[in-house]
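Taken together, the values in this text are just the output of simple stated rules run on the coordinates, not laboratory data. Since we're looking at a predicted model, the values are computed, not measured. Backbone-built Cβ (ideal geometry, glycine too); neighbour counts: all protein chains shown.
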Number of protein chains: 2
Amino acid sequence: MKVVCTKENLKKGLYMVGRVVGVGNPLQVLNNILIKTDSGRVKLSSTNLEIGVNTWVGGKISEEGALTVPARIINEYINNLPTEKVSLSTKETTLNLESDNYHTNINGLPADDFPLIPQIKEEAFAKVDADELRDALSETIWAAATNESQPEISGIFFSFEENKLTIASTDRYRLAERKCLLKTRVREKKEVIIPSRTISELYKILGSGLKDVEIYFSESQVLFKFNDTELISRLIDGQYPDYAQIVPKEFKTEVVVGREDLMHALRAAALFASESNNIQLEAVEKKGLVIKASSAQAGENTTDIQAGVQGLNNSAVFNHRYLLDCLNVLPEARVVLKLINDNSPAMIVPEGRDNYLYIAMPTKI
Amino acid sequence: MKVVCTKENLKKGLYMVGRVVGVGNPLQVLNNILIKTDSGRVKLSSTNLEIGVNTWVGGKISEEGALTVPARIINEYINNLPTEKVSLSTKETTLNLESDNYHTNINGLPADDFPLIPQIKEEAFAKVDADELRDALSETIWAAATNESQPEISGIFFSFEENKLTIASTDRYRLAERKCLLKTRVREKKEVIIPSRTISELYKILGSGLKDVEIYFSESQVLFKFNDTELISRLIDGQYPDYAQIVPKEFKTEVVVGREDLMHALRAAALFASESNNIQLEAVEKKGLVIKASSAQAGENTTDIQAGVQGLNNSAVFNHRYLLDCLNVLPEARVVLKLINDNSPAMIVPEGRDNYLYIAMPTKI
């Protein structure tokens, strides 16, 4: 292999593939990145056997070839390099990098040792605006179960129907759901569960300024493709819980409240709810929202927030983390909090937007 | 106690005292901050029994008093508070905080339980410009021994003589020394060893925009005083090594080199010196500086840096961390590297400044 790349291109490419690769894996090649000439460009690949990433960067190729080198070394080396261009060439299993006054040989392993990242031959199943997908992920992915003993809900639910993609996550105590508009109608309804790790990697490498993300499926795999990058992952087998049935259709109380006001009050209360995480929300007509917490050890806090309350006076106890997780990620200045009673699911939606909902179960005390 | 403070004042004061206090100390009062009315202001105090901090903030006092409350709770509470003013009042061992719509009681402990922070009655021994002291600390404190088995060199050496303060630290493999100008001559020569922890706390709370720092001593204590804050610490008993004797008077080779160039080259080499940390520096007349490292496992790197070399060609092996620690903190664009041979101390000084020197011992290979 003989290639000349700009440092910036190589750095961006290594960033894309550098996150799913192992560190200190006893199977050395899994700590490595595959560098390969491919149809006039340089292809970089990494995998942790569950997720694979391929990305292509521009370069001047004068000899074809392929080699794997340790991800940590090549990444840190290129990031630190103060020069503009770098020449890469291979000699057996050594990668030589020449760049002005920097002369370096990195010991690698043959490209043949690198695990095959599966290819999906199908056509694109769906296409979605990259920014909308990124926003949708930021509003949902943190609500999935962290415990893998329930594999279905440890993943993120993607449901495609007509021109809509619905993304949902739940840990059975709360649920986040966001609908996105697809660029074209899908040819059939499709529901899949994608590992949280995959989606959180996707979220991290989905930078801003991208255009569209194409989504491909094979029987057991999903592939996300955007710009010059592909992320491939297995799917989770199983049936996602039919969560629609727990989303209440009607509420007794609706509170329109400033998101930051509510967050400040919840954080103040949280300091006095350290053992149980329990804080009490009370909606009082004409008065607003009262947030309370107390502990025998730390003390107690009450905050009154001006808020528009419609319907019955109402009160329920929540884990403050569950409410803050949602409020943290919404961009709107105001949210609508909907209550039934202290034993039924409560809902948070952003004011003036109907593609997102969040459900939290009250704590029983 | 009945006091009204601005949130900003209280927040700044709590930041000053919030760093030396314990978290989860079984003696609960050591996790607490003492809040006390004092001569028309509010005094905040914390201690970890080795270091004590007092700071005074403005406030409208309508009733004198004192109480201790958990540092973590009051700190996070005040930081999160979105309001401008806060009223503090005590009822037995409870601190009540009222601020617009925020109503809070924090459980505390009696002020009498709080350990006495020693007072130093002497006059100020020395006075130094705050920015100069801060710069001097940033250039020295990281070179002290981290192992407390040699207590003297685990501390930072302060030596006062006439109108000079010399600050030094060493771990026996390297030495950093910086001289500061005092505002007035000291009345007698004085040498002390101050715990690293104390100096690193001082460094962190010595913000920019301060004027002078006054330094006081009692037999076994030191006190730093600036603006409305005092930091008090024990001194370390013992004799600091007479390091002047290991500072070479003459060198065989002097290399003037760009600091960033050298740092980039050292970081590139470091990737190939992961087991030993050993990198080789070679000064070659008319050519410059050559930085090299290699390892059987990772590979090898050579970087040539343009540099002005005066004197003999020379070469020595160093721990790259020892060189980078120093280069990281110097503000100058160029440094002078001085060598004798591969077995004698090397020196780094910033170009055009004579109040700082750094000595590193070569590695024997």
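Using a ≥ b ≥ c from the Cα gyration tensor of the range B:236-290 (square roots of the eigenvalues), is it rounded, prolate or oblate, where a/c under 1.5 gives rounded and otherwise the larger of a/b and b/c decides, a/b for prolate? Here the range B:236-290 falls in the oblate category.
Full extension from A:Gln245 to A:Ala124: what is 0.36 nm times the residue separation minus their Cα-Cα distance, to one decimal in nm?
Gain in length upon complete extension: 40.4 nm.
Each principal axis of the Cα atoms in the range B:53-120 has its own extent, and those three values, largest first, are 40, 26, 23 angstrom.
Among B:129-135, A:260-266, the peptide with the highest mean count of other Cβ atoms within 10 Å heads the list, and the full ranking is A:260-266, B:129-135.
So, counting K/R as plus one and D/E as minus one, what does the shell of residues with Cβ under 12 Å around B:Glu64 add up to? Net local charge, B:Glu64 excluded: +2.
Between A:Glu64 and A:Ser149, the FRET efficiency from the beta-carbon distance, with R0 = 51 Å, is close to 0.60. Seen against the Cα atoms of chain B and their longest principal axis, helix B:196-205 is set at about 70 degrees.
Rounded, prolate or oblate: which fits the range B:248-360 when a ≥ b ≥ c are the square roots of the eigenvalues of the alpha-carbon gyration tensor, with rounded for a/c under 1.5 and prolate only if a/b beats b/c? Prolate, because a/c is 1.5 or more and a/b exceeds b/c.
Length, then width, then depth: along the principal axes, the Cα atoms of the range B:1-160 run 51, 36, 32 Å.
Let me know the charge dipole size of the range A:1-99 about its Cα centre in debye, to the nearest 20, where only the beta-carbon of Lys, Arg (+1) and Asp, Glu (-1) is charged. Could you put the intermediate results ahead of the total?
Working: 12 positive and 9 negative charges, 37 e Å.
Value, rounded to 20: 180 debye.
In this label model, B:Val23 and B:Asn80 are separated by 1.5 nm, measuring between points 7 Å along each Cα→Cβ vector. In a simple Cβ point-charge model (Lys, Arg +1; Asp, Glu -1; nothing else charged), the range A:41-114 has a dipole of about 180 debye relative to its Cα centre.
Can you work out D for the protein assembly as shown in µm² s⁻¹ from Stokes-Einstein, where Rh is the Kirkwood radius over C-alpha pairs, the temperature is 10 °C and the viscosity is 1.306 mPa s? Answer, rounded: 52 µm²/s.
Both radii are taken from the alpha-carbon atoms of the range A:126-244; with Rh as the Kirkwood radius, Rg/Rh is 0.93.
Using C-alpha pairs under 8 Å with a sequence gap of at least 6, the mean separation divided by the residue count of chain A gives a relative contact order of 12 percent.
For the protein assembly as shown, the 222 nm mean residue ellipticity estimated from helices alone, with every DSSP H stretch of n ≥ 4 adding -39500 (n - 2.57) and the total spread over all residues, rounds to -5000 deg cm²/dmol. The calculated FRET efficiency for the pair B:Arg353 and B:Lys211, based on their C-beta separation and a Förster distance of 22 Å, comes to about 0.45.
Over the range A:147-188, the ratio between the Cα radius of gyration and 2.2 N^0.38 Å evaluates to 1.36. If you take all other residues with their beta carbon under 9 Å from the beta carbon of B:Lys189, and give Lys and Arg +1 and Asp and Glu -1, the sum is -3. Shape analysis of chain A places it in the prolate category; the axes a ≥ b ≥ c from the Cα gyration tensor give an a/c of at least 1.5, with a/b above b/c. Pop the C-beta distance of A:Tyr173 and B:Glu92 into the FRET formula with R0 = 51 Å and round what comes out to the nearest 0.05. E between A:Tyr173 and B:Glu92, to the nearest 0.05, is 0.85. Using C-alpha pairs under 8 Å with a sequence gap of at least 6, the mean separation divided by the residue count of the range B:107-208 gives a relative contact order of 29 percent. Provide, for q = 0.16, 0.21 Å⁻¹, the log10 of I(q)/I(0) from a solvent-free Debye sum over equal Cα point scatterers in the range A:180-239. Ignoring solvent entirely, the Cα scatterers give -0.56, -0.96.
B:Ser295: net charge of surrounding residues, Cβ under 14 Å, Lys/Arg +1, Asp/Glu -1, itself excluded? Summing Lys/Arg as +1 and Asp/Glu as -1 gives 0. Below 20 Å, Cα to Cα, which lysines can B:Lys292 reach? Residues fewer than 8 away in the same chain don't count. Within the straight-line limit of under 20 Å, B:Lys292 reaches these lysines: B:Lys338, B:Lys364. Sorting the segments A:96-106, B:222-232 by their residues' average number of neighbouring beta-carbon atoms within 10 angstrom, most packed first, yields B:222-232, A:96-106.
Residues within the reach of a label modelled at B:Val4 (point 7 angstrom out along Cα to beta-carbon, backbone nitrogen below 20 Å), restricted to the range B:45-68, are B:57-66. For the protein assembly as shown, a crude dipole built from +1 on the beta carbon of Lys and Arg and -1 on the beta carbon of Asp and Glu, taken about the Cα centre, is about 560 debye to the nearest 20.
Only one residue of A:Pro195, A:Ala244, A:Ala124 has its Cα farthest out toward the positive end of the dipole of chain A, where Lys and Arg carry +1 and Asp and Glu -1 on Cβ, and that residue is A:Ala124.
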